[in-house]
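A.B. asks: Encoded as structure tokens, here's the structure I'll be asking about.
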Amino acid sequence: MASPTIARTREELAAARGGSSVSFVPTMGALHDGHVQLLKHARPLGETLVASIFVNPTQFAPGEDFEDYPRTFDADLQRCAEAGADIVFAPAVPTMYPAGLVDTVTVDPGPLGTILEGASRPTHFRGVLTVVSKLFGLVRPDVAVFGEKDYQQLTLIRQMSRELALGVDVVGCPTVREADGLAMSSRNRYLTDTERQTAPVLSAALRAGVTAAPEGPEAVLAAAHSVVDDADIDLDYLVLTDPELGTAAPGREARLLVAARVGKPRLLDNIGLTLGGTPR
Ligand code: PAF
């Protein structure tokens, strides 16, 4: 198993990258099996596979867990090597933000950035899109792979690449789950034992929604609510949308999305489904 080349600066990255076709998996580290899946998915999509590890300060609001976010570089490097990454780009903050963190150029996510996660975390997607656009500029990938677990993030990055003509093919990779259905997330490690036992209620609600899908949109939401409403969680949203996060319609593909605090950690999950009923 070859060790990936570690690049910390723009120049080191350019030298390591050369002129090959590149597939790219951006991460904030604390890699788990879900990230390994992203890397394996990306491996055959380019000649050179680049993973980035950068805990992006601008996507955390004051009081969120930026300082406490798990930093596990040595273990992450091992996982990148096992998954076949050629280059690990691990920049310092000034490499990504040479003009500083405030009063600088940012990417406005538009209306889609204000709903769901954006309603609870108003500055989050500006930070995500800004750093991903910079990473695209530095890594210059042909293809970039993101997890479907952060479905709104995936949708916004796809939209950004298309609308800002960044020329990067944005590919989604299915969510990887624990045996009891809990979606893998770097934040799961913050759950207490009791919260960990409660957390699979989110994926159970999504599965209940899928089972009710042939009966139409109202039945999906009723079935999902019947699972979460009495659970010991602080539900933020449970919504049914179309695959682009617009309005869901009978007889069409849809997405059921949930977010909740389970104790302190805020967890997200979502699933695709086909709604019953006659298309309008
Ligand atoms: O999903 C993540 O880990 C981050 O939001 C990303 C896309 C790496 C940007 O910092």
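A.B. asks: Scan the stretch 51-69 and report the pairs whose first residue is closer than 20 Å to ALA83 by Cβ and at pLDDT 95 or above and whose second residue is in a strand (DSSP E or B) and more than 10 Å from the ligand (Cβ to nearest atom), with Cβ atoms within less than 6 Å and a gap of 6+ or a chain change.
C.D. replies: If the second residue must be in a strand (DSSP E or B) and more than 10 Å from the ligand (Cβ to nearest atom), the pairs left are ALA51/VAL88; SER52/PHE89.
A.B. asks: Would it be correct to say that GLN59 is closer than 15 Å to VAL145 by Cβ, under 21 Å from the mean Cα position of the chain (by Cα) and not β-branched (Val, Ile, Thr)? It would help to see each step written out before you state the result.
C.D. replies: Working: closer than 15 Å to VAL145 by Cβ: no; under 21 Å from the mean Cα position of the chain (by Cα): yes; not β-branched (Val, Ile, Thr): yes.
It is false that GLN59 is closer than 15 Å to VAL145 by Cβ, under 21 Å from the mean Cα position of the chain (by Cα) and not β-branched (Val, Ile, Thr).
A.B. asks: Would you tally the residues in the stretch 1-31 being in contact (Cβ under 8 Å) with a residue 40 or more places away in the chain, assigned to a helix (DSSP H, G or I) and not aliphatic (A, V, I, L, M)?
C.D. replies: Number satisfying all stated conditions: 2.
A.B. asks: Sort through LEU112, LEU156, LEU129 and tell me the only one that's within 28 Å of THR5 (Cβ to Cβ) and either in a loop (DSSP other than H, G, I, E, B) or not β-branched (Val, Ile, Thr) (or both).
C.D. replies: LEU129
A.B. asks: Tell me, which residue of the stretch 101-118 that is touching a helix residue (DSSP H, G or I) at 6+ places or on another chain (Cβ under 6 Å) and β-branched (Val, Ile, Thr) is farthest from TYR151 (Cα to Cα)?
C.D. replies: Checking each candidate, the answer is THR106.
A.B. asks: Right, here's the next one. What single numbered condition from (1) more than 20 Å from ARG17 (Cβ to Cβ); (2) within 16 Å of the ligand (Cβ to nearest atom); (3) modelled with pLDDT of 95 or more; (4) among the hydroxyl-bearing types (Ser, Thr, Tyr) fails to hold for THR95?
C.D. replies: Failed condition: (1).
A.B. asks: Could you figure out which of (1) assigned to a helix (DSSP H, G or I); (2) touching a residue at least 24 places away in the same chain (Cβ under 8 Å) isn't true of GLN197?
C.D. replies: Here GLN197 clears every test but (2).
A.B. asks: Somewhere in the stretch 32-41, is a residue surrounded by 16 or more Cβ atoms within 10 Å (Cβ to Cβ) and without any contact (Cβ under 8 Å) to a residue 40 or more places away in the chain?
C.D. replies: no
Residues are listed down the side, and each one gets a yes or a no for (1) within 15 Å of ASP108 (Cβ to Cβ); (2) acidic (Asp, Glu); (3) crowded, with 22+ Cβ neighbours inside 10 Å:
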{"position": "VAL132", "(1), (2), (3)": "yes, no, yes"}
{"position": "LEU135", "(1), (2), (3)": "no, no, yes"}
{"position": "PRO141", "(1), (2), (3)": "no, no, yes"}
{"position": "GLY147", "(1), (2), (3)": "no, no, yes"}
{"position": "ASP150", "(1), (2), (3)": "no, yes, no"}
{"position": "ILE157", "(1), (2), (3)": "yes, no, yes"}
{"position": "GLU163", "(1), (2), (3)": "yes, yes, no"}
{"position": "ASP169", "(1), (2), (3)": "no, yes, no"}
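A.B. asks: Out of all the residues in the stretch 35-66, which are within 10 Å of the ligand (Cβ to nearest atom), in a helix (DSSP H, G or I) and in contact with a strand residue (DSSP E or B) (Cβ under 8 Å, 6 or more places away or on another chain)?
C.D. replies: Passing the criteria: HIS35, LEU38.
A.B. asks: So how many residues does the stretch 141-182 have that are farther than 17 Å from LEU39 by Cα and either more than 12 Å from the ligand (Cβ to nearest atom) or under 14 Å from the mean Cα position of the chain (by Cα) (or both)?
C.D. replies: Of the residues in the stretch 141-182, 20 are farther than 17 Å from LEU39 by Cα and either more than 12 Å from the ligand (Cβ to nearest atom) or under 14 Å from the mean Cα position of the chain (by Cα) (or both).
A.B. asks: In the stretch 211-240, what residues are assigned to a strand (DSSP E or B), under 21 Å from ARG196 (Cβ atoms) and without any contact (Cβ under 8 Å) to a residue 40 or more places away in the chain?
C.D. replies: Result: ASP234, LEU235, LEU238.
A.B. asks: Next question. Out of all the residues in the stretch 1-29, which are under 21 Å from the mean Cα position of the chain (by Cα) and either more than 13 Å from the ligand (Cβ to nearest atom) or at pLDDT below 95 (or both)?
C.D. replies: Residues satisfying the conditions are VAL22, SER23.
A.B. asks: Of all the residues that make up the stretch 61-109, how many are under 19 Å from ILE6 (Cα atoms), of a type outside the set (S, T, N, Q) and either out of contact with any Cys (no Cβ under 6 Å at 6 or more places or on another chain) or loosely packed, with under 15 Cβ neighbours inside 10 Å (or both)?
C.D. replies: Number satisfying all stated conditions: 22.
The values are calculated or read from the model by the stated rules, or taken from the named source; none is laboratory data. The structure displayed is predicted, hence computed values, not measured ones. In this analysis, Cβ positions are derived from the backbone assuming ideal geometry, glycine residues included, and neighbour counts consider all displayed protein chains.
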